[in-house]
């Protein structure tokens, strides 16, 4: 039985309404808003740039949505047509239907989404949970994925169990616990207060992913044809990025691995390096 994504119908309305307010900010670049029917869930997509350019798909992390990319899209529009996708079951505008990660649903969802958008092959820029989705597709449908640039990535090594216990503890402390949790996730990154307030709103009304994220096998990672770029923080509270980087390098020799010093789980300042990587990937 699937766990409900939101704690109440009213909570869903509150979170989605605030997200729409963020998207309506006139400071963002113009975009086309698309709702796509896929095999798994109706999916919300923001498309930026000229349709004739190479497609680049952005996938956010858990308990997040495409708003996380809005300030970075402009850097990619000279070369790419950009698609920012709300992962179903996360607090965006896609259906609140969470894919079972230990099934074929994640790749069926993403493959049918690309089909509906008319994308035969593309590159990805991903964050955390979004990285797992892109890698999963690259393993099972390698002809669809040219390159993946990942800002942290689960599914390479097991998640840190200590963080789950810490998150539960913080949840009992109200606003103080939220501040402690933010400090653990962002570490020394400077995050706008408006983002922290929005995340507090999401935390109040949204049930985060609790399913263990499947770990990719050695043979699966060795089979990777797509070009891979990985960024990990040496102070990531959720994932051991050093171990992750080592396993990626040992099994995917052509991968580019960057472990960032004094950096936590949230990596928000590497878009120039990502663009260089994607240009080289072709």
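Residues in the range 41-92 that are under 17 Å from residue 24 (Cβ atoms) and surrounded by fewer than 18 Cβ atoms within 10 Å (Cβ to Cβ): 47, 71.
If I ask for residues that are touching a strand residue (DSSP E or B) at 6+ places or on another chain (Cβ under 8 Å) and either under 17 Å from residue 94 (Cβ atoms) or surrounded by fewer than 24 Cβ atoms within 10 Å (Cβ to Cβ) (or both), which ones from the range 133-146 would you list?
Across the range 133-146, the qualifying residues are 133, 134, 137, 144, 146.
In the range 193-204, the residue that is surrounded by the fewest Cβ atoms within 10 Å (Cβ to Cβ) out of those that are more than 19 Å from the chain's Cα centre (by Cα) and farther than 10 Å from residue 15 by Cα is 193. Total residues in the range 133-150 satisfying the condition of being touching a helix residue (DSSP H, G or I) at 6+ places or on another chain (Cβ under 9 Å) and assigned to a helix (DSSP H, G or I): the figure is 9. Report whether or not residue 156 is surrounded by 14 or more Cβ atoms within 10 Å (Cβ to Cβ), at pLDDT 90 or above and under 22 Å from residue 233 (Cβ atoms). Yes: the conditions hold for residue 156. The residue that is surrounded by the most Cβ atoms within 10 Å (Cβ to Cβ), among those in the range 208-238 that are over 23 Å from residue 145 (Cβ atoms) and in contact with a strand residue (DSSP E or B) (Cβ under 7 Å, 6 or more places away or on another chain), is 233.
Among the residues of the range 10-19, is any over 15 Å from residue 198 (Cα atoms) and not in a strand (DSSP E or B)? Yes. In summary, residue 130 fulfils each of the numbered conditions (1) modelled with pLDDT under 80; (2) surrounded by 16 or more Cβ atoms within 10 Å (Cβ to Cβ); (3) out of contact with any helix residue (DSSP H, G or I) (no Cβ under 9 Å at 6 or more places or on another chain); (4) on the phi < 0 side of the Ramachandran plot with the single exception of condition (1). Filtering the range 104-119 for residues that are touching a strand residue (DSSP E or B) at 6+ places or on another chain (Cβ under 7 Å), buried (at least 23 other Cβ atoms within 10 Å of the Cβ) and in contact (Cβ under 8 Å) with a residue 60 or more places away in the chain leaves a non-empty set.
The values are calculated or read from the model by the stated rules, or taken from the named source; none is laboratory data. Predicted model only: the values in this text are computed from it and were never measured. Ideal geometry is used to build each Cβ from the backbone, glycine not excepted, and the neighbour counts take in all protein chains shown.
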